[in-house]
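The values are calculated or read from the model by the stated rules, or taken from the named source; none is laboratory data. Source: prediction; values computed, not measured. With ideal geometry, Cβ positions are generated from the backbone for all residues, glycine too; neighbour counts draw on all protein chains shown. When the accessible area is computed, the model is the full protein with side chains, heavy atoms only, and any ligands, DNA or RNA have been set aside. Shrake-Rupley method; radii C 1.70, N 1.55, O 1.52, S 1.80 Å.
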Amino acid sequence: MVSSVHESVQADPNWVTLLENVYGASETDRRVFAVIADVDGPVTVDEIAERIHRHRSTVSRSLTRLVDAGLIERMTRDDSGPSYRYVYRMRDADALADEMHRLLSAWYVRMDERIGEFARQSA
């Protein structure tokens with residue numbers, strides 16, 4: 001994890017770094033996201049758990065965080081039985097990029113305001 005903005009600016013971030021820095025994604029969240037990004041079509045909790053060698057409940061919690069953050073979508077798949085199953089897929093990449101731009105722009109504005117406050121108090 002990048003420990004400062006200074007280091008972050010000097011680093012060459014990849015999508016994993018973006019997930020960590022913009023959304024606070026944990027290692028498990030990043031691994032779950034990577035599976036979903038790598039698979040064509042929707043994927044189940046059990047399929048993800050098998051791929052990353054984690055318990056189903058761990059993956060389920062991670063999926064909830066990723067859905068809540070707006071990084072992935074949860075859909076219901078009808079298996080023509082008495083129950084249904086959730087499946088997960090990536091959100092549109094352009095929509096994700098727009099959202100990250102919006103979040104980072106809002107963060108920049110807030111930090112710029114705080115820097116201005118600091119400068120005024122120090123004067």
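Listed values, structure above:
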{"quantity": "Cβ pairs under 6 Å, 6+ apart, first in the range 87-99 and open to solvent by 90 Å² or more (accessible area, probe 1.4 Å), second at pLDDT 90 or above", "calculated": "89/42; 89/73"}
{"quantity": "Matching residues in the range 8-42 - criterion: being out of contact with any helix residue (DSSP H, G or I) (no Cβ under 6 Å at 6 or more places or on another chain) and aliphatic (A, V, I, L, M)", "calculated": "9, 11, 18, 34, 36, 37, 39"}
{"quantity": "The range 46-77 - residue that is of a type in the set (Val, Ile, Thr), open to solvent by less than 10 Å² (accessible area, probe 1.4 Å) and part of a helix (DSSP H, G or I) and, of those, farthest from residue 98 (Cα to Cα)", "calculated": "52"}
{"quantity": "Hits in the range 31-45 - residues which are open to solvent by 50 Å² or more (accessible area, probe 1.4 Å), closer than 23 Å to residue 14 by Cα and not aliphatic (A, V, I, L, M)", "calculated": "31, 38, 40"}
{"quantity": "Subset of the range 1-30 [open to solvent by 80 Å² or more (accessible area, probe 1.4 Å) and either among the acidic types (Asp, Glu) or assigned to a helix (DSSP H, G or I) (or both)]", "calculated": "5, 6, 7, 9, 10, 12, 15, 27"}
{"quantity": "Residues satisfying the stated conditions in the range 31-45, i.e. more than 16 Å from the chain's Cα centre (by Cα) and part of a helix (DSSP H, G or I)", "calculated": "45"}
{"quantity": "Members of the range 17-61 found to be in contact with a strand residue (DSSP E or B) (Cβ under 6 Å, 6 or more places away or on another chain) and more than 14 Å from residue 86 (Cα to Cα), listed by number", "calculated": "37"}
